[in-house]
Structure formats: structure tokens, C-alpha cells
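> This is the structure, below, for whatever I ask next.
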Amino acid sequence: MEDIIFLIRGNRNGEPFAAEMYQGGEQPYFTLRWQEDEGELHIRIIPKDFDDYGNPVGELTLESVSMTFPWSCRGGRKPEQIFMNGYQSWTDSHEHTILEKEPAISPLTSGMVEKYYLDRYGDVNFTMKPKGTGQFHGFTYCYFRDGERYRFLGSLSERAGFTVFYYNGGAQQMTIEKDCSGLRISEEWNAFDLVELSGTEDQVFDLYFEKMNIKKPAGSPMTGYTSWYNHYQNISEQIIMENLEHVHEMGQNFDVFQIDDGYQTYVGDWLDVNRDKFPDGLEPVVDQIHTYGMKAGLWLSPFVCEKNSRCYQEHGDWLVRDENGHPVCGGSNWSTFYALNTELPQVREYLKEVFHQVLDVWGFDLVKLDFLYGACMQPTPYKTRGQLMCEAMDFLRELVGDKLILGCGVPLGPAFGKVDYCRIGPDVGLDWDGSPKEKLLHRERVSTKNTIGNTIYRRQLNGRAFWNDPDVYLLRDDNIKLSAKQKALLAQVNGLFGGLLFTSDDVGNYDAEKRKLQKSLTELHGASRSVERRGRYTVVRYQGQDGEKELKVKL
């Protein structure tokens with residue numbers, strides 16, 4: 001990072017200021033401290049007690065803090081590959097070249113976006129959007145790859161705010177911005193903690209996590225079953241027990257059997273088990289899962305509640321509210337859902353009660369915690385989105401203790417080292433890539449194709465930040481529109497690059513061919529493999545038991 005220009009905008013007591021600086025130095029209201037060492041760059045903004053005229057400076061309100069510098073990227077016949085890590089688990093994230101465009105919500109869908117709150121799942125409401133060919137943005141880290149050589153830029157901490165990378169291929173220029181609009185500071189503030197690395201894939205990612213002091217995740221890759229991608233919310237004790245029996249009868253030796261959404265009355269009312277579906281509660285199911293030698297998993301979305309829930313209707317004071325006093329909506333799922341204010345002691349006490357019941361009383365061993373971005377939808381005057389998200393992940397780790405967390409719908413940086421397993425792609429669909437209209441929607445949409453892309457291109461996080469959850473593989477023939485080739489591709493990519501190998505199929509219906517394919521998936525973990533792009537295709541080569549194999553997917 002050379003020839004860096006810093007731009008800091010904000011106001012003091014309503015008086016705006018803008019400072020353009022080339023390195024550290026003094027400004028009327030603050031000092032910019034610059035520290036560079038062994039590829040790391042640490043930037044601090046220190047408000048002054050008094051300005052140059054002896055007037056008290058007091059509190060500063062930041063509007064934007066960014067740094068811009070030249071960054072070349074080759075196009076041509078053998079273009080350099082550009083990877084920008086998307087905002088959260090579901091954000092489609094794979095390599096591009098400067099000849100390509102970044103996916104974005106189409107203006108043609110503005111009515112749908114407004115009606116179904118489709119702008120709430122990602123970052124479209126708080127980042128500037130690249131618009132043209134060769135313009136990309138991402139969060140926490142990015143890399144530029146020329147064959148096996150990687151040039152890597154990453155944030156060492158998101159606790160001061162999300163770090164957003166913007167690349168303009170036409171200008172051959174990188175801008176790194178801290179998400180901090182409206183933040184008030186009166187003491188030293190960590191604007192950036194960055195690292196620049198180069199080397200092979202393993203070299204740069206090993207060193208990146210070493211510099212963050214994040215240890216390799218405990219435990220190991222697991223196999224399992226989850227109820228969602230077959231039954232969705234239409235589950236009951238009978239359905240769960242039947243699938244559990246089939247798993248046991250088939251001798252699957254799964255590590256985890258997970259109950260997903262649908263056991264509760266409403267999202268947010270986690271202790272109100274639907275007695276029409278589960279007349280005896282969840283404990284008998286947990287006991288049976290344990291009897292069969294598996295861990296019991298349960299899905300929750302702890303930081304949100306839906307509009308029809310008692311939580312929403314009886315505890316309006318628990319909700320995050322915008323500057324107009326309106327509850328902050330997180331999306332259109334269920335009866336629409338809203339963010340809980342995790343800063344409030346009463347919300348934290350409620351969640352402590354929920355996790356005590358789920359883990360200590362009902363006896364679950366793993367919790368899949370979903371829609372976690374709800375914790376950081378609205379920054380406060382004294383905390384950025386990144387700080388709120390990091391503190392929320394700290395809180396979850398404290399609540400769950402030594403039991404297992406599967407994170408989902410979460411900005412990845414704050415989840416590094418905090419969860420045992422983590423989703424790294426969008427939901428698998430029952431078809432390949434949705435309808436033509438759906439392709440114009442947000443980058444977090446359901447898409448089997450995008451899931452495969454994320455599994456391949458976020459592979460470096462697996463076994464470093466956490467164990468990657470690539471979402472499920474599906475081999476069944478009923479209730480699905482994927483072709484046999486697409487199902488096999490999904491399963492093989494999951495086996496090669498995932499840390500969780502889950503299905504939602506009723507495995508009791510598998511024929512001999514499907515059982516053989518399923519059995520082969522665990523043998524793929526740790527197999528020698530390579531990834532390259534050929535035009536719009538991503539090609540994965542790996543060493544199978546009977547020679548070299550090749551998988552090819554158009555992303």
C-alpha cells in the first residue's frame with residue numbers, strides 16, 4: 001500500500017470538516033496516527049482536547065473515513081482474478097475479472113424490493129455501490145490471484161466498524177473505507193488495522209489468521225441431517241421421529257440430527273413449543289437422538305422476532321428503532337421480522353433464559369443460529385455496525401459455552417473464531433438458480449448455483465476461521481427439480497470443500513446408487529484439489545480413488 005490518500009469527513013458541534021492527508025499528521029480537530037510494520041498498517045484518529053485557537057474540541061461525529069491508493073490488476077487474455085468477500089453468509093462471493101460486473105439488485109425490481117424488504121438482507125443501504133464493469137466491493141478481506149500467486153488485503157479486526165474494500169479496475173485504484181457514518185468519538189479510535197500479504201493460497205491465509213491470533217477451530221468436520229430442505233416449517237414429532245428412525249435403520253452414523261424451523265409457535269417465541277406438532281415437547285426427541293449416538297441440533301434466530309410473535313407484540317421496547325422511531329425490519333420472512341436491541345439488559349436476560357432452556361434443560365448439543373445480521377442493522381451514535389456485531393458474537397459464545405454453534409446469516413469477520421461451524425453461502429434451492437425474475441434480486445437470494453460458487457471460493461476459511469457449512473446436499477428424486485448431474489455436483493463440491501456434510505433427504509428412500517454416492521462424499525474431505533477459472537467456468541480438479549477427476553460449473 002503506497003501513495004495513500006486519506007479522506008476524513010465529519011462535523012464538530014454541527015460544523016462540518018473535511019481533511020485530505022497523505023500520511024499521519026495534525027488537523028485542527030484531530031491527529032491521524034500512522035503505524036506501519038511488516039505489512040501491517042494501523043491508523044488511529046485521536047480527537048484533540050483543544051483546536052489551534054484554544055477552543056475545546058469535544059466530541060467529533062464522523063461521516064466517512066477512507067484511504068485510496070493505486071492498485072493494478074491485469075486484464076487481457078489471461079486476466080488476474082479478483083475476489084471480494086461479500087457482506088454476510090448468504091452474499092454471493094466468487095472470483096471475477098476486470099472485464100466483468102458485480103451482481104446487484106436490478107432497478108426493474110424496485111417494487112418487489114420495497115414490498116418484500118429485499119434490501120434488508122445485505123449491505124445495499126449503507127455502502128456505495130460499484131456500478132460499472134471492473135468495479136467491485138467486499139468486506140473484511142479480498143485477494144487478487146495470478147495463477148497460484150495471491151495478493152491479499154485484509155482487516156485484522158472489525159471491532160471498530162466493518163472494513164469495506166472498493167476496487168475500480170478502470171482507474172486501477174483501491175479504496176478502503178470504514179463503515180462509521182454518524183459515529184461520535186471523543187477518545188482515540190482505531191480507524192484501520194490492515195495487513196497486506198503475498199504468496200501462495202496457504203501462505204497468505206495461514207498468516208492472516210495467525211496475525212489475528214485466531215486458532216484453528218476445535219472439533220472436526222461432521223455429517224448430519226437437518227429437517228429444513230424437505231419439510232421446511234411443516235414438521236412434527238411424527239415426521240422428525242420417522243426421519244430419525246430411517247437414519248438409524250440405514251446405519252448412517254451421522255454425527256448430528258438437527259431440528260430446523262417449525263417447532264416453535266412464532267419466530268422470537270423460542271420457549272413456546274407448538275404443542276399441536278410436538279405434544280410432549282422436544283425433550284423426548286432429544287433423548288432419542290442421543291440414544292442413537294448422535295448430537296441433537298436446534299435452529300434459532302436469537303436476534304430477531306416476527307410480527308405475529310408475543311415477543312414483538314408484548315415487548316415493543318425491545319426492538320431496534322430507526323431515527324423516526326419505527327421498528328427496524330430485517331426482511332419479509334414469516335410475518336416479516338424485526339431486529340432486537342441486543343444492547344438492552346432485558347433482551348440479554350431473555351436470551352440467557354432461552355439458551356439455558358435449550359441447552360441445559362432440553363439437552364441440545366448444537367444450536368444453528370440464523371439471521372444473525374439482525375444484531376447490526378442499525379448503528380448507534382457510539383457503536384458502529386461492526387462493533388455491535390462483534391459484541392453480539394461474543395455474547396453468543398458466552399451463552400453457548402462449550403457446546404457447538406453453527407452460525408448463519410452472519411457477517412463473516414465478526415464470526416471468525418467465535419463459532420464452531422458457519423454457513424458460507426446462500427440457501428440451496430430445490431432448483432438450480434431460480435426464475436429469471438429472481439436472478440434480478442438481492443445477492444443473498446436462494447440459489448444452488450451461488451451456493452456452489454461460495455463453497456469453492458470461501459474454501460480458505462474452512463479449518464481456519466471455523467469449519468465451513470456449505471449447506472445441504474440433496475440426492476432424492478421427489479420434491480426437487482435439480483437434475484441428477486446438478487445433485488451430484490452439489491454433493492461432490494460439499495464433500496471436497498465443506499466442514500459440514502448435511503442432507504435433508506429421507507435417507508430411507510435411497511437406492512443402492514445414492515447410498516454409494518453418499519458414502520463416497522466423506523472420502524473427498526482432504527483430497528488433493530485445485531481450482532481455476534476458464535472464462536466464465538470454474539473448474540475443480542481433485543484426486544479421486546480411481547484417478548484425477550474434474551468438476552466444471554458456470555458461475
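> Do any residues in region 225-250 that are over 15 Å from ASN509 (Cα atoms) have Cβ atoms under 6 Å from those of residues that are open to solvent by 30 Å² or more (accessible area, probe 1.4 Å) and not in a helix (DSSP H, G or I), where the two are at least six apart or on different chains, and which pairs are they?
SER236/LYS277
> Testing GLU63 on (1) closer than 22 Å to VAL531 by Cα; (2) at pLDDT 95 or above, one condition comes back false. Which one is that?
(1)
> Return the total of residues in region 341-360 being in contact (Cβ under 8 Å) with a residue 60 or more places away in the chain and either more than 16 Å from ASP272 (Cβ to Cβ) or surrounded by fewer than 16 Cβ atoms within 10 Å (Cβ to Cβ) (or both).
The initial filter retains those residues of region 341-360 that are in contact (Cβ under 8 Å) with a residue 60 or more places away in the chain, namely 353-354, 357-358.
Checking the rest, the ones that are also either more than 16 Å from ASP272 (Cβ to Cβ) or surrounded by fewer than 16 Cβ atoms within 10 Å (Cβ to Cβ) (or both) come to 353, 357.
Count: 2.
> Can I ask one more? Residue by residue through region 369-410, note down the ones that are under 16 Å from ASN341 (Cβ atoms) and either in contact with a Cys (Cβ under 6 Å, 6 or more places away or on another chain) or hydroxyl-bearing (Ser, Thr, Tyr) (or both).
TYR373, THR380, TYR382, THR384, ARG385, LEU388, MET389
> For region 63-117, give me the residue count where each residue is over 30 Å from GLN23 (Cβ atoms), part of a loop (DSSP other than H, G, I, E, B), of a type in the set (Ser, Thr, Tyr) and open to solvent by 30 Å² or more (accessible area, probe 1.4 Å).
1
> Still on this structure, I have one more. Need the failing condition index for GLU523 against (1) open to solvent by 20 Å² or more (accessible area, probe 1.4 Å); (2) under 30 Å from LEU99 (Cβ atoms); (3) of a type in the set (Asp, Glu), just the number.
Going through (1) open to solvent by 20 Å² or more (accessible area, probe 1.4 Å); (2) under 30 Å from LEU99 (Cβ atoms); (3) of a type in the set (Asp, Glu) one by one, GLU523 breaks only (2).
> Pick out the one residue from THR127, THR133 that is of a type outside the set (A, V, I, L, M), assigned to a loop (DSSP other than H, G, I, E, B), open to solvent by less than 60 Å² (accessible area, probe 1.4 Å) and within 24 Å of ARG445 (Cα to Cα).
Details: THR133 fails: open to solvent by less than 60 Å² (accessible area, probe 1.4 Å).
Step by step, each of THR127, THR133 is checked, and only THR127 is of a type outside the set (A, V, I, L, M), assigned to a loop (DSSP other than H, G, I, E, B), open to solvent by less than 60 Å² (accessible area, probe 1.4 Å) and within 24 Å of ARG445 (Cα to Cα).
> Kindly indicate which of VAL410, VAL419 is assigned to a loop (DSSP other than H, G, I, E, B), over 17 Å from GLY330 (Cα atoms) and hydrophobic (A, V, I, L, M, F, W, C). Can you show your working first?
Values: VAL410 fails: over 17 Å from GLY330 (Cα atoms).
Of VAL410, VAL419, the one residue that is assigned to a loop (DSSP other than H, G, I, E, B), over 17 Å from GLY330 (Cα atoms) and hydrophobic (A, V, I, L, M, F, W, C) is VAL419.
> Among (1) of a type in the set (Lys, Arg); (2) farther than 27 Å from GLY498 by Cβ; (3) surrounded by fewer than 22 Cβ atoms within 10 Å (Cβ to Cβ), where does LYS178 come up short?
Unmet for LYS178, out of (1) of a type in the set (Lys, Arg); (2) farther than 27 Å from GLY498 by Cβ; (3) surrounded by fewer than 22 Cβ atoms within 10 Å (Cβ to Cβ): (3).
> State the number of residues belonging to region 51-86 that are small (Gly, Ala, Ser) and under 19 Å from LEU183 (Cα atoms). Before the answer, list the steps.
Our first condition is that a residue be small (Gly, Ala, Ser); within region 51-86, this holds for 54, 58, 64, 66, 72, 75-76, 86.
From what is left, the residues that are under 19 Å from LEU183 (Cα atoms) are 58, 64, 66.
Qualifying residue count for the region: 3.
> Restricting to region 162-175, and then to whatever is of a type outside the set (A, V, I, L, M, F, W, C) and crowded, with 22+ Cβ neighbours inside 10 Å, can you tell me which residue is farthest from the chain's Cα centre (by Cα)?
Keep residues of region 162-175 that are of a type outside the set (A, V, I, L, M, F, W, C), which gives 163, 166-170, 172-173, 175.
After this cut, where a residue has to be crowded, with 22+ Cβ neighbours inside 10 Å as well, the list is 163, 167, 169.
Numbers: THR163: 14, TYR167: 21, GLY169: 26 Å.
Here the answer is GLY169.
> Moving on to the next point. Conditions first: (1) farther than 22 Å from MET1 by Cβ; (2) open to solvent by 60 Å² or more (accessible area, probe 1.4 Å). GLU38 passes all but one, so which condition is the exception?
The failed condition is (1).
> Of the conditions (1) more than 21 Å from the chain's Cα centre (by Cα); (2) in a loop (DSSP other than H, G, I, E, B); (3) among the basic types (Lys, Arg), ARG159 clears all except one; give me its number.
Single failed check for ARG159: (1).
> Shifting gears a bit: Given LEU194, LEU207, which one is open to solvent by 60 Å² or more (accessible area, probe 1.4 Å) and within 23 Å of the chain's Cα centre (by Cα)? Break it down stepwise before answering.
On the way: LEU194 fails: open to solvent by 60 Å² or more (accessible area, probe 1.4 Å).
Of the residues listed, the single one that is open to solvent by 60 Å² or more (accessible area, probe 1.4 Å) and within 23 Å of the chain's Cα centre (by Cα) is LEU207.
The values are calculated or read from the model by the stated rules, or taken from the named source; none is laboratory data. Computed from a prediction, not measured in an experiment: that's the story for all the values here. All Cβ positions, glycine included, derive from the backbone under ideal geometry; neighbour counts span all protein chains shown. In case anyone asks, the SASA skips ligands and DNA or RNA and just uses the protein heavy atoms, side chains included. Shrake-Rupley method; radii C 1.70, N 1.55, O 1.52, S 1.80 Å.
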